[in-house]
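Data block below; observations after.
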Amino acid sequence: MFRFALALLLLVVPVAAHATEAGWALLRDGGHVVLLRHAMITGTTDPANFDIAKCATQLNLSARGKQQASRIGALLGARAAPIERVLSSRYCRCLDTARIAFEAEPEPFAPLDLLKTDGNEKAAQLAAIMNEIRGYSGSDNLVMVTHLENIVALTGVSPREGEAVVVEPQGDGLRVLGRVTF
């Protein structure tokens, strides 16, 4: 059983490394949209007294998450084309990921907040994100810092905390071009 698990692990690791290198190649070229899941957080659900304007009432970055956000910024700065613009969910964990990684104030973009439960509101959020992505034509990269649920709804991909998914519009949806794990 141990040998089987080890063999399986050895098969998976090269695929992850390849996916990351392909993602880096895209980011070096520039002109891409990056959906970045916020860095590591302190828990699993926001408290009952959640208030979007008060970080003390939200899940926030853990110490490891802050280090991860710093690493994201350093690696993107060293290995990717410049970041033209950073849009972020208004949740503190996303804003802080962007602030630490890019050492600048991100543009809060409400559609990147956690998806609404109402079907119509959710569809409007996703449409606003898609419009932003379709409208991007810069030569550098656009980063959108958001949540797992949003990235899954847009791409079908389930990234880890602090993982980047490089996308482009395709038909009514998005095509995943590559991923970068930090």
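The values are calculated or read from the model by the stated rules, or taken from the named source; none is laboratory data. On a predicted model such as this, the values are computed, not experimentally measured, just so you know. Cβ coordinates were reconstructed from backbone atoms using ideal geometry, including for glycine residues, and neighbour counts include every protein chain displayed. Note: accessible area is taken over every heavy atom of the protein model, side chains too, but ligands, DNA and RNA are not part of it. Shrake-Rupley method; radii C 1.70, N 1.55, O 1.52, S 1.80 Å.
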- Just checking, which of A81, A17, A48 is on the phi < 0 side of the Ramachandran plot, touching a strand residue (DSSP E or B) at 6+ places or on another chain (Cβ under 6 Å) and at pLDDT below 95? A81
- May I ask you to list the residues in region 101-123 that are part of a loop (DSSP other than H, G, I, E, B), farther than 18 Å from L154 by Cβ and open to solvent by less than 60 Å² (accessible area, probe 1.4 Å)? A104, P106
- Query: If the Cβ limit is 8 Å and pairs must be 6+ apart or interchain, which residue in region 35-48 that is within 12 Å of V143 (Cβ to Cβ) and open to solvent by less than 50 Å² (accessible area, probe 1.4 Å) pairs with which residue that is of a type in the set (F, W, Y) and part of a strand (DSSP E or B)?
  - Reply: none
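Working carefully through the options A110, A123, find the one that is among the aliphatic types (A, V, I, L, M) and without any contact (Cβ under 8 Å) to a residue 12 or more places away in the chain.
Details: A110 fails: without any contact (Cβ under 8 Å) to a residue 12 or more places away in the chain.
Step by step, each of A110, A123 is checked, and only A123 is among the aliphatic types (A, V, I, L, M) and without any contact (Cβ under 8 Å) to a residue 12 or more places away in the chain.
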- Message: Between a residue in region 85-100 that is open to solvent by 10 Å² or more (accessible area, probe 1.4 Å) and any residue that is of a type in the set (V, I, T) and assigned to a loop (DSSP other than H, G, I, E, B), which pairs come within a Cβ distance under 6 Å, given they are 6 or more apart or on different chains?
- Response: R90/I52
- Query: Which one of these is over 18 Å from H147 (Cβ atoms) and free of Cβ contacts under 8 Å to residues at least 40 places away in the same chain: A81, A74?
  - Reply: A74
- Note on the structure: Per the filter on region 134-182, residues open to solvent by 50 Å² or more (accessible area, probe 1.4 Å), more than 20 Å from I41 (Cβ to Cβ) and in a helix (DSSP H, G or I) are R134
